[in-house]
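A.B. asks: Before I ask anything, here is the structure I am working with.
The values are calculated or read from the model by the stated rules, or taken from the named source; none is laboratory data. These numbers were taken from a predicted model, which means no experiment stands behind them. We place every Cβ from the backbone using ideal geometry, glycine too, and count neighbours over all the protein chains shown.
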Amino acid sequence: MAEVEPFVERAREVLVGRSPLGREDTFLFDHSMRVMRLALKIADFEDLSDRRVDRLCLTAAALFHQAATVRLEEERRTSTVYAAATMTAEEVKDYSAELAGDRLKDLLSPRQIDYVQEIIRQTHNAGTELAEAIILSDADNIDDIGALGVWRSLRRMLLEGYGIGEAIASWEHRQQYGYWTARLRDSLRLSGSRRLAEPRLAAARAFMQQLAREHEVKDLPSK
């Protein structure tokens with residue numbers, strides 16, 4: 001892990017912002033660290049045994065794949081003209097790639113920088129055949145499934161002023177329409193990724209069911 005520490009430190013500089021209360025907000029940095037670790041695990045899956053994966057460029061791309069998010073959030077809070085409102089998903093990826101190139105230019109060769117940026121730009125592109133982009137897409141999607149996905153969803157709803165009842169209703173609505181089953185089927189390209197995600201989703205379902213029982217006080221024994 002020591003060889004990636006300089007990349008981690010550069011990513012931290014970009015990804016750690018300020019919370020609404022003015023405290024250091026490591027949410028996005030923590031996410032990117034998890035995605036990096038997941039991506040390196042996925043790179044060893046049998047699905048990719050016939051593909052050559054550039055693990056260093058994959059590491060850098062995983063750390064910076066959402067580099068633009070903190071900058072755009074700062075703009076949202078401080079600017080009367082919110083730039084992200086007019087930016088497409090592709091433009092946000094381009095912005096993240098640009099930030100990665102700027103922050104890593106003394107750590108990687110120009111060829112490597114170009115490749116890291118291409119990985120970021122092709123992430124979540126369903127038609128890509130770039131192995132590192134497929135891996136990064138799967139890793140990013142897996143981090144949104146399971147207990148971590150519940151945590152991210154609850155955090156977002158809390159920040160937006162929603163209560164537990166509304167969070168439970170949102171989850172149950174997605175369950176009713178098969179959102180998560182479709183998410184596993186359609187957003188994960190590798191069979192190994194789906195095998196990893198399935199028990200995570202089962203754990204999330206169990207947690208949300210328990211949360212609903214406690215919220216409605218249905219977990220107490222009947223007289």
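A.B. asks: Kindly indicate whether I168 is assigned by TED's automatic domain parsing to the domain that holds R121, among the aliphatic types (A, V, I, L, M) and either modelled with pLDDT of 90 or more or farther than 23 Å from H65 by Cβ (or both).
C.D. replies: Considered against the rule, which asks whether it is assigned by TED's automatic domain parsing to the domain that holds R121, among the aliphatic types (A, V, I, L, M) and either modelled with pLDDT of 90 or more or farther than 23 Å from H65 by Cβ (or both), I168 comes out as no.
A.B. asks: Sort out which residues of segment 179-220 are surrounded by 18 or more Cβ atoms within 10 Å (Cβ to Cβ), more than 23 Å from F45 (Cα to Cα) and either out of contact with any Gly (no Cβ under 7 Å at 6 or more places or on another chain) or in the same structural domain as A39 (by TED's automatic domain parsing) (or both), and write them in order of number.
C.D. replies: Once the filter is applied, which keeps residues that are surrounded by 18 or more Cβ atoms within 10 Å (Cβ to Cβ), more than 23 Å from F45 (Cα to Cα) and either out of contact with any Gly (no Cβ under 7 Å at 6 or more places or on another chain) or in the same structural domain as A39 (by TED's automatic domain parsing) (or both), segment 179-220 yields M208, A212.
A.B. asks: Do we find that S153 is of a type in the set (S, T, N, Q), assigned to a helix (DSSP H, G or I) and more than 26 Å from S19 (Cα to Cα) in this structure?
C.D. replies: It is false that S153 is of a type in the set (S, T, N, Q), assigned to a helix (DSSP H, G or I) and more than 26 Å from S19 (Cα to Cα).
A.B. asks: I want to confirm something. Restricting to segment 63-83 and keeping residues that are at pLDDT below 60 and not in a helix (DSSP H, G or I), which single residue is surrounded by the most Cβ atoms within 10 Å (Cβ to Cβ)?
C.D. replies: Among them, the one singled out is Y82.
A.B. asks: Considering segment 1-35 alone, what residues qualify as being in contact (Cβ under 8 Å) with a residue 40 or more places away in the chain, hydrophobic (A, V, I, L, M, F, W, C) and assigned to a helix (DSSP H, G or I)?
C.D. replies: V4, F7, V8, A11, V14, L15, F27, L28, V35
A.B. asks: Is it the case, given these coordinates, that Q175 is farther than 30 Å from A131 by Cα, in contact with a Lys or Arg (Cβ under 9 Å, 6 or more places away or on another chain) and surrounded by 12 or more Cβ atoms within 10 Å (Cβ to Cβ)?
C.D. replies: So Q175 passes the test.
A.B. asks: Follow-up. Can you tell which of R155, R121 is more than 21 Å from E13 (Cβ to Cβ), modelled with pLDDT of 95 or more and of a type outside the set (D, E)?
C.D. replies: Step by step, each of R155, R121 is checked, and only R121 is more than 21 Å from E13 (Cβ to Cβ), modelled with pLDDT of 95 or more and of a type outside the set (D, E).
A.B. asks: Which residues, counting only those in segment 168-192, are in contact (Cβ under 8 Å) with a residue 24 or more places away in the chain, part of a helix (DSSP H, G or I) and among the aliphatic types (A, V, I, L, M)?
C.D. replies: I168, L184
A.B. asks: Additional query: Could you say which residue among L38, L56 is more than 18 Å from the chain's Cα centre (by Cα) and not in a strand (DSSP E or B)?
C.D. replies: Criteria check complete, one pass: L56.
A.B. asks: Any residue at all in segment 13-22 that is at pLDDT 90 or above and under 13 Å from the mean Cα position of the chain (by Cα)?
C.D. replies: yes
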